[in-house]
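Trainee: If you scroll down you'll find the structure; I have some questions about it.
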């Protein structure tokens, strides 16, 4: 049983109550406490030494990444982050300076986006550092963008460039909070997700949640120069397109919008965010899976995302 | 550097914002999102295999305890818990049934108190199970009970009986949510905390936060039968009174109220909660430390709580 199968099993019959608009199944939980124009977004995310970072990462980068991952999930719902709690599991003989530097990295990221760090705890995890962040944010009622509202015919957009994040971007990516709020404020965005599992895996989340299909145009997918260079350097490296589909931890925004809004959106984006690439990479379809169109035709995508990576597209 | 010293160092200059009424330093963070009659309580707490539970605990008990610890913190502020997120770090080869049973224990506790479990994640922690719970609750504006408002002359009360929790109570304690809300609804409670570090450590938190002192009456402190039996059984066991002061994980309520309200409160409590002991164990003083009064006089308490336990009182 892998992570996704276990979660599916565990989340089948979770207790709920009248505050829950959306529990599991999206980037954040969405909660309603009765405020006329405000909903709450609630998210946790963990990074573990040896799994999500290693000794080559500075403690500042580790702290920054831990918080930035949660911020990216708030961005994916077009929300505004407010308050974070930090749980750190540490070996019994920890280096206090190292931990203080983790907090420094986290604090810098928090200040950049107006987030308060309102506490947390340190506890013992003898073999490795384990950091779990809980983040609370808000979104205007009705302004939350879910994964589940993509429609057949929608244009699919992605910010930035994909693949090869392990070379460095996974530690210093910018959560797309400003961009996501701008999008939701100016266009009727149908569905949005942040790319943590990789384009193939995360687009599949939208496809499944929305009950539609998707078709990607292979040549349109913006592959990062790092992924391209890595593919050129070694014959055993993942091909660049496969890296863009499945590397994961890009933390870019993937969203869909009615086709009629696509050109207008792209034009407005270029004026507002001239330095950040936005690319239309395909369209949602009436089908139920993901197709990749290249010069030889349309092929069923057989990469399930980071956790299931099979190393080839068919 | 121990846990408390590290936290003090880390929390000196945390980023804050306009939503924060109280960040670190109390049982929960208190957040204000502008609702006229509602504040939010935000808390995380972790339990780690081999630290907070061992192989003798059933997975249901582990899940129950993980959530109940957070619920106890919401109780300590007189709040109402609403939504929880669950992070579980697991060895790569985990037993899915074991994890499902952790969720069962957690789910039972959640249902008992109307709490929704709105998601979370599983991740890898190769050597041991690491569970972190984030809990969001609410409290009426102005109804939150802090640690910092105890006044000299207040009567000090504690629910239940203290000490020896390791024999079983640490796994099956009842978070005092109903009792705490009833207290805050019916009496002007000045300060409250839940007993996680032990009476000595947690009373010291109130003393420090409130800038007052405290005097405990040794014979009044309700020592649990388990702690008494354990002290009788072995000459090397902690004396029963020391166990009540310092064992930790009692998860009872410790609170202070104006002396003039003490008798009225005790009478009303006995009618409302006839099965749960409530004991007046001393009074807050104009001093700055904790004294213990016994038949030989008044002695300075030299037990700093669970993390610092020295094994003797002086």
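No value in this document is a laboratory result; all are computed from the given coordinates. This one's a predicted model, so the numbers in the text were calculated from it and none came from an experiment. Counting neighbours? That spans all protein chains shown, and the Cβs are built from the backbone with ideal geometry, glycine included.
Trainee: Could you identify which residue out of B:254, B:177, B:266 has the top mean-square fluctuation in a GNM of chain B using Cα springs shorter than 10 Å?
Mentor: Among B:254, B:177, B:266, the largest mean-square fluctuation in the Gaussian network model of chain B belongs to B:266.
Trainee: Under the definition of Cα pairs under 8 Å and six or more residues apart, what whole-number percent is the relative contact order of chain A? Could the numbers behind the result be given before it?
Mentor: On the way: 704 pairs, mean separation 64.1, N = 314.
Relative contact order for chain A comes out at 20 percent.
Trainee: Starting from a label point 7 Å past Cα on the Cβ side, list the distances from residue A:259 to the same position in the other copies, nm, shortest first.
Mentor: 8.2
Trainee: Separate question: Taking springs between alpha-carbon atoms closer than 10 angstrom, which of A:38, A:61, A:112 fluctuates most in the Gaussian network model of chain A?
Mentor: A:112
Trainee: What nm distances, shortest first, do you get from the label point of residue A:91 to those in the other copies when the point sits 7 angstrom along Cα to Cβ?
Mentor: 2.0
Trainee: Can you put A:234, A:224, B:82 in order of Cβ neighbours within 10 angstrom, beginning with the fewest? Provide the component values of the computation, followed by the final result.
Mentor: Working: A:234 8, A:224 22, B:82 25.
If I rank by nearby Cβ atoms, fewest first, I get A:234, A:224, B:82.
Trainee: Right, next: Just to be sure I understand: if I project the alpha-carbon convex hull of the range B:109-185 onto a plane and average over all orientations, what area do I get in nm²? Present the calculation step by step, with values, prior to reporting the outcome.
Mentor: Values: hull surface 34.4 nm².
Averaged projected hull area, Cα only: 8.6 nm².
Trainee: For all pairs of alpha-carbon atoms in the protein assembly as shown, what percent lies in each bin of width 20 Å, listed from the first bin to the last filled one?
Mentor: 19, 50, 24, 7, 0
Trainee: In the range B:155-308, what percentage of the DSSP-assigned beta bridges are antiparallel, given to the nearest 5? Mind dumping the intermediate values first?
Mentor: Numbers: 22 of 27 bridges.
Approximately 80 percent, going by the DSSP bridge assignments.
Trainee: Separation of the range B:165-193 and the range A:214-234 by C-alpha centroid, Å?
Mentor: 57
Trainee: Additional query: In deg cm²/dmol and to the nearest 500, what is the mean residue ellipticity at 222 nm of chain B if only DSSP H runs of at least 4 residues count, each as -39500 (n - 2.57), divided by the residue total? Can you show the working numbers first?
Mentor: On the way: 9 runs with 99 residues, N = 314.
Result for chain B: -9500 deg cm²/dmol, rounded to the nearest 500.
Trainee: Okay, moving on. Remind me, relative contact order of the range A:139-231 in percent, using alpha carbon pairs under 8 angstrom and six or more residues apart? Numbers along the way, then the final one.
Mentor: On the way: 71 pairs, mean separation 47.5, N = 93.
For the range A:139-231, the relative contact order is 51 percent.
Trainee: Counting other beta carbons within 10 Å of each Cβ, put A:22, A:28 in order, fewest first. Don't skip to the end; give the middle numbers.
Mentor: On the way: A:22 22, A:28 28.
Result, fewest neighbours first: A:22, A:28.
Trainee: Using only C-alpha atoms and all pairs of different ones, pull out the Kirkwood radius for the range A:3-140 in Å with one decimal.
Mentor: That comes to 16.0 Å for the range A:3-140.
Trainee: With chain A treated as a Gaussian network of Cα nodes joined by springs under 10 Å, which of A:158, A:221, A:99 yields the largest mean-square fluctuation?
Mentor: A:99
Trainee: How long are the three semi-axes of the equivalent ellipsoid for the range B:180-270, computed from the Cα gyration tensor as the root of 5 times each eigenvalue, in whole Å, largest first? Provide the component values of the computation, followed by the final result.
Mentor: Details: eigenvalues 142, 47, 27 Å².
Values for the range B:180-270, descending: 27, 15, 12 Å.
Trainee: Still on this structure, please answer the following. For the range A:155-308, rounded, prolate or oblate, judged on the Cα gyration tensor with a ≥ b ≥ c (square roots of eigenvalues), a/c < 1.5 rounded, else prolate if a/b > b/c?
Mentor: Values: a/c = 1.66, a/b = 1.18, b/c = 1.40.
Verdict is oblate for the range A:155-308.
Trainee: Further question on the same structure: Quick check on the exposure proxy: order B:47, A:263 from fewest to most C-beta atoms within 10 angstrom. All intermediate terms of the calculation are to be shown ahead of the outcome.
Mentor: Numbers: B:47 21, A:263 11.
The fewest-first ordering by Cβ neighbours comes to A:263, B:47.
Trainee: Relative contact order of the range B:14-140: what whole-number percent is it, with Cα pairs under 8 angstrom and at least 6 residues apart?
Mentor: Details: 245 pairs, mean separation 44.7, N = 127.
Rounded, it is 35 percent for the range B:14-140.
Trainee: Can you give the percent of C-alpha pairs in chain B whose distance is more than 32 Å?
Mentor: Roughly 27 percent, once rounded to a whole number.
Trainee: Where Rh denotes the Kirkwood radius from the mean inverse Cα pair distance, what is Rg over Rh for the range A:81-236? Walk me through the numbers on the way to the answer.
Mentor: Details: Rg = 19.2 Å, Rh = 18.7 Å.
Rg/Rh: 1.02.
Trainee: Share of antiparallel DSSP beta bridges in the range B:1-127, in percent to the nearest 5? Don't skip to the answer; put the middle values down first.
Mentor: On the way: 5 of 13 bridges.
Here the antiparallel bridges make up roughly 40 percent for the range B:1-127.
Trainee: Right, another one. Could you grab the Rg to Rh ratio for the range A:244-290? Cα atoms only, Kirkwood for Rh.
Mentor: On the way: Rg = 12.8 Å, Rh = 12.8 Å.
Rg/Rh for the range A:244-290 comes to 1.00.
Trainee: What does the copy distance list look like for residue B:58, label position 7 Å along Cα→Cβ, in nm and ordered from shortest?
Mentor: With the label placed 7 Å along Cα→Cβ, residue B:58 yields 5.1 nm.
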